[in-house]
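Novice: Dumping the structure here so I can ask a few things about it.
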Amino acid sequence: MNKRVKNILWVTSIVAMLVLFAQTHWHPVKFRAMKHDSKEAPKPVLTFDTYKSGEFQGQTERYLRENFAFREYGIRTYNQYCYWLWKKTCNDFFFPGRHHWMYYRPGVLDYYGRETSKFFATENDLDEYVNREVEMLVELRDILKRDFGIELLTFIAPDKAFIYPEHLPRMTHDTTVGVAAARFAQRFKETGFPNIDMTPWFAAMADTSQRLLFMPMDTHWTFSSAYGYDSLFRLMDSLSPYSIPTLRIDSITARKYEGRQDDEATLNLLFKVRNNTPDYTAHVSVEADSTTRKPRVLFVGDSFVFAFENLMPIRELAQRGLCGGVFRWLSMVSRDERLC
């Protein structure tokens with residue numbers, strides 16, 4: 001190797017080390033932030049005591065693990081490699097389907113009868129559990145209504161796996177136990193407990209609708225939430241005559257979706273998954289009159305409740321009746337947010 005080549009290699013190595021050092025500590029090159037990225041390690045402080053005790057070394061290791069040079073690009077490149085070559089995600093909660101569709105893993109396993117069997121050995125075990133839980137809800141509803149004048153009701157959010165099963169990955173069915181959500185819906189109906197099971201309803205809609213009720217790379221509902229919440233409000237008003245404002249869907253328009261769909265963004269891929277599926281927006285207006293009351297409502301639910309905040313005209317509902325007292329929701333999202 002001649003001297004000129006050696007000098008070039010030395011200069012290239014030094015420049016590369018300087019670039020890596022600068023990117024690690026000052027991040028002059030900015031990358032698109034990763035979704036659900038949380039950096040918790042503080043910047044290490046070198047003192048004689050922290051070095052002697054080993055605290056500085058431990059802090060440095062944790063800090064570099066979260067701030068190494070070109071970290072976002074490296075993680076996204078690895079995630080893209082897993083998705084392209086192996087059809088795997090680095091988030092255990094998501095399950096890639098066919099035709100560039102994405103599902104929640106529990107929903108896929110539930111469709112094939114494999115989710116409930118992880119918790120119950122037999123169908124009788126499931127029935128005993130469902131009966132016990134529904135009996136407690138019935139008793140709680142009676143107490144709330146009798147002693148406090150508070151109504152209690154439930155709704156089962158639509159499950160994308162049951163609505164669009166044609167894009168699911170192929171697996172064998174396990175019919176030993178059954179589907180817990182369907183058993184809950186059946187038991188609610190038998191006991192007269194107010195409940196809306198939206199999965200079979202949306203499945204029937206999907207057979208005739210010209211619009212997709214779910215985006216391929218997102219398992220949350222979008223414009224279709226307007227139908228769900230309209231029905232929910234009507235059920236609420238039928239149980240207790242609050243004269244809740246009426247939601248009216250004036251129109252549904254298509255719009256080109258430029259960004260990444262919600263669950264797709266969570267995967268932190270290097271490239272956007274290409275599909276030509278349009279997104280739709282429901283234009284909702286509120287109808288109210290002088291008899292409209294302002295009930296206090298507490299939603300307890302999963303991430304499907306976020307659609308109410310994102311897509312419903314909350315300010316108008318507040319001004320015209322629904323949210324005049326207290327309107328809160330508690331979200332309990334059981335999702336694995338690991339980046340890789």
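The values are calculated or read from the model by the stated rules, or taken from the named source; none is laboratory data. Computed from a prediction, not measured in an experiment: that's the story for all the values here. Cβ coordinates were reconstructed from backbone atoms using ideal geometry, including for glycine residues, and neighbour counts include every protein chain displayed.
Novice: When the range 80-126 is examined, which residues are found to be of a type in the set (S, T, N, Q) and over 19 Å from the mean Cα position of the chain (by Cα)?
Specialist: So the first thing to find is which residues in the range 80-126 are of a type in the set (S, T, N, Q), and the list is 80, 89, 91, 116-117, 122, 124.
Gln80, Thr116, Ser117, Thr122, Asn124, listed by residue number.
Novice: Right, next: Can you confirm whether the range 12-23 contains a residue that is part of a helix (DSSP H, G or I) and touching a helix residue (DSSP H, G or I) at 6+ places or on another chain (Cβ under 7 Å)?
Specialist: First, pick out the residues of the range 12-23 that are part of a helix (DSSP H, G or I): 12-23.
Cutting the leftovers down to touching a helix residue (DSSP H, G or I) at 6+ places or on another chain (Cβ under 7 Å) gives us none.
No, that holds for no residue.
Novice: Please pick out the residue among Arg62, Arg132 that is surrounded by 14 or more Cβ atoms within 10 Å (Cβ to Cβ) and out of contact with any helix residue (DSSP H, G or I) (no Cβ under 6 Å at 6 or more places or on another chain). Spell out how you get there, then give the answer.
Specialist: Numbers: Arg132 fails: surrounded by 14 or more Cβ atoms within 10 Å (Cβ to Cβ).
Selected residue: Arg62, the only one of Arg62, Arg132 that is surrounded by 14 or more Cβ atoms within 10 Å (Cβ to Cβ) and out of contact with any helix residue (DSSP H, G or I) (no Cβ under 6 Å at 6 or more places or on another chain).
Novice: With Thr292, Thr281 as the choices, which residue is surrounded by fewer than 16 Cβ atoms within 10 Å (Cβ to Cβ), in contact (Cβ under 8 Å) with a residue 24 or more places away in the chain and either among the aromatic types (Phe, Trp, Tyr) or in contact with a Ser or Thr (Cβ under 7 Å, 6 or more places away or on another chain) (or both)? Please lay out each step first, then the result.
Specialist: Numbers: Thr292 fails: surrounded by fewer than 16 Cβ atoms within 10 Å (Cβ to Cβ).
Every option except Thr281 fails the conditions.
Novice: Out of all the residues in the range 206-216, which are more than 22 Å from the chain's Cα centre (by Cα) and of a type outside the set (Ser, Thr, Tyr)? Lay out the reasoning, then the answer.
Specialist: Pass one, the range 206-216, residues more than 22 Å from the chain's Cα centre (by Cα): 207-210.
Residues satisfying the conditions are Asp207, Gln210.
Novice: Assess whether Thr77 counts as being part of a helix (DSSP H, G or I), among the polar types (S, T, N, Q) and closer than 29 Å to His220 by Cβ. Steps first, please.
Specialist: On the way: part of a helix (DSSP H, G or I): yes; among the polar types (S, T, N, Q): yes; closer than 29 Å to His220 by Cβ: yes.
Yes.
Novice: Shifting gears a bit: I'd like the full set of residues that are aromatic (Phe, Trp, Tyr) and more than 28 Å from Arg105 (Cα to Cα), limited to the range 132-172. Reasoning before the result, please.
Specialist: Of the range 132-172, the ones aromatic (Phe, Trp, Tyr) are 148, 155, 162, 164.
Hit for the range 132-172 is Phe148, nothing else.
Novice: Would you mind finding the one in Arg105, Arg98, Arg114, Arg76 that is modelled with pLDDT of 90 or more, outside the structural domain of His173 (by TED's automatic domain parsing) and among the charged types (D, E, K, R)?
Specialist: Values: Arg105 fails: outside the structural domain of His173 (by TED's automatic domain parsing); Arg98 fails: outside the structural domain of His173 (by TED's automatic domain parsing); Arg114 fails: outside the structural domain of His173 (by TED's automatic domain parsing).
After ruling out the rest, the residue left standing is Arg76.
Novice: Is the range 268-284 home to any residue that is touching a helix residue (DSSP H, G or I) at 6+ places or on another chain (Cβ under 8 Å) and among the basic types (Lys, Arg)?
Specialist: Yes, the range 268-284 has at least one match.
Novice: Take the residues in the range 167-206 that are part of a helix (DSSP H, G or I) and in contact (Cβ under 8 Å) with a residue 60 or more places away in the chain, then tell me which one is nearest to Ala307 (Cα to Cα).
Specialist: Keep residues of the range 167-206 that are part of a helix (DSSP H, G or I), which gives 167, 180-191, 198-206.
Okay, now just the ones that are also in contact (Cβ under 8 Å) with a residue 60 or more places away in the chain, so 167, 180-181.
Details: His167: 24, Ala180: 24, Ala181: 21 Å.
Filtering first and then ranking leaves Ala181.
Novice: Another question, then. Checking Val284 against (1) at pLDDT below 80; (2) assigned to a strand (DSSP E or B); (3) among the β-branched types (Val, Ile, Thr), which single condition isn't satisfied?
Specialist: In the conditions (1) at pLDDT below 80; (2) assigned to a strand (DSSP E or B); (3) among the β-branched types (Val, Ile, Thr), Val284 misses (1) alone.
Novice: Checking the structure you have, find out if any residue of the range 41-59 is exposed (fewer than 12 other Cβ atoms within 10 Å of the Cβ), within 25 Å of Cys90 (Cβ to Cβ) and not aromatic (Phe, Trp, Tyr).
Specialist: Checked the range 41-59: no residue is exposed (fewer than 12 other Cβ atoms within 10 Å of the Cβ), within 25 Å of Cys90 (Cβ to Cβ) and not aromatic (Phe, Trp, Tyr).
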